[in-house]
1. Residue separation times 0.36 nm, minus the C-alpha to C-alpha distance between Ser218 and Ser148: what's the value?
2. Using a simple spin-label model with points 7 Å from Cα along the Cα→Cβ vector, what separation in nm is obtained for Val78 and Glu36?
3. Taking H as built 1.01 Å from N, whose amide H comes closer than 5 Å to the amide H of Gly181, not counting residues under 5 places away?
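A short reminder: the numbers here are calculations on the coordinates, not readings from a lab. Being a predicted model, the structure only gives us computed values, none of them experimental. A quick note on method: Cβ atoms are made from the backbone with ideal geometry, for glycine too, and the neighbour counts reach across all protein chains shown.
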Amino acid sequence: MLLALVTVAIRSDAGVITNGTFDDATDLAGFTVVGEDFFFAPISAGTVSEPGGSFAQLQNDNATFLLQLQQEFTVPSVASTLSFDFAFSTEGSPSTVGPVIDAFSVNLKSRSGLDDLLDILVVDAVVGVKIDPADGSEIPPKRAIDVSLESVAFDPGFSGFTGGTDFFGRVSVDLPSEVLGDEVTLSFNLIDVDGPGGFGLPDPFATIAAVDNITLTSSSSVIPEPASVATWSLMLLGTTLRRRRR
């Protein structure tokens, strides 16, 4: 009976965010990287890495228009808040950027419950930080959600561009009831048109973004990663067996 309980515990959290702190021995464990040009053809010019600070950094390589760091997971029914730290840095500034602006955005896509995209965050040199940027004009309409921002410093290992534009912060999203128990894709997106690419317009500015400490919380506590649940369950099993032997 106890073994069955352990199995249920592991399965019930099988979809919780994996390696949200990027501390896993394998870089970017649990995440996938997708790169697309303006015509949405997969390319390999973009790079995502962990540059020595246990965080993920997105950086394009003069050809990629859109670079995405993604993870699919099932939102536990007890979840209430999604939070993460972010950093954005570009060589451009409001006075120097052209008609196409490098930007960083974050969104949540439901696999079955919602047919729209949940906008969370958009950052660029001109607009600055815009949280929950749903304005009702998208097709299909995107749902407005409650998003808050704390202006905090990012991991000291992250290095921005001197003389450019920088933004840092911790974002918290109140998850709508429709996504609870649903499969979702969380995407961190870097839009960079350096060199020939997006709209055929050159952009001389390098742009990078970073994310860290991605967590799901309930109203009372942080929901553990799958590995943490499994470890706790096995420890509980071992303790119980030792007590029975006594």
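1. Taking 0.36 nm per residue and subtracting the Cα distance, the gain is 23.6 nm.
2. Distance between the two pseudo-spin positions: 3.6 nm.
3. Under 5 Å from the amide H of Gly181 lie the amide H atoms of Val75, Ser77, each far enough along the sequence or on another chain.
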